[in-house]
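Accompanying notes for the structure given below.
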Amino acid sequence: MIRCEEILRELSNYIDEDITPELRRQVEQHLGDCRRCTVLVNTTRKTLTLVADNYVLELPREVAERLMNRLNACWGTLFIPPPENGLERER
């Protein structure tokens with residue numbers, strides 16, 4: 001039986017369908033039994049889809065401000081909100 005560590009190691013190959021039929025069978029069997037690895041595979045696929053589509057999510061201003069405040073509280077001033085006019089601001 002394949003283990004979680006092997007799923008992580010083969011994740012990219014599995015998603016790209018670049019593994020042997022036997023390894024695919026083992027991975028899919030493991031995913032049927034392991035919720036954590038299933039979430040990992042599904043989240044990775046969704047992330048790749050969003051990145052590949054160049055999808056831009058426009059947040060309402062209030063939500064964006066709350067998010068920036070929360071990020072800055074956790075990480076310091078690494079996150080600079082976008083300027084009002086949409087042009088890049090110098091750091």
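The values are calculated or read from the model by the stated rules, or taken from the named source; none is laboratory data. On a predicted model such as this, the values are computed, not experimentally measured, just so you know. Positions of Cβ are backbone-derived with ideal geometry, glycine not excepted, and every protein chain shown enters the neighbour counts.
Here is how the numbers come out for the structure above:
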item: The range 4-58: number of residues that are assigned to a loop (DSSP other than H, G, I, E, B) and surrounded by 12 or more Cβ atoms within 10 Å (Cβ to Cβ); result: 2
item: When residues of the range 7-34 are limited to those that are more than 21 Å from Thr47 (Cβ to Cβ) and among the acidic types (Asp, Glu), the one farthest from the chain's Cα centre (by Cα); result: Glu22
item: Residue identified as among the aliphatic types (A, V, I, L, M) and at pLDDT below 95 among Leu59, Leu31; result: Leu59
item: Residue check, Ala64 closer than 30 Å to Asn13 by Cβ, at pLDDT 80 or above and under 21 Å from the mean Cα position of the chain (by Cα); result: no
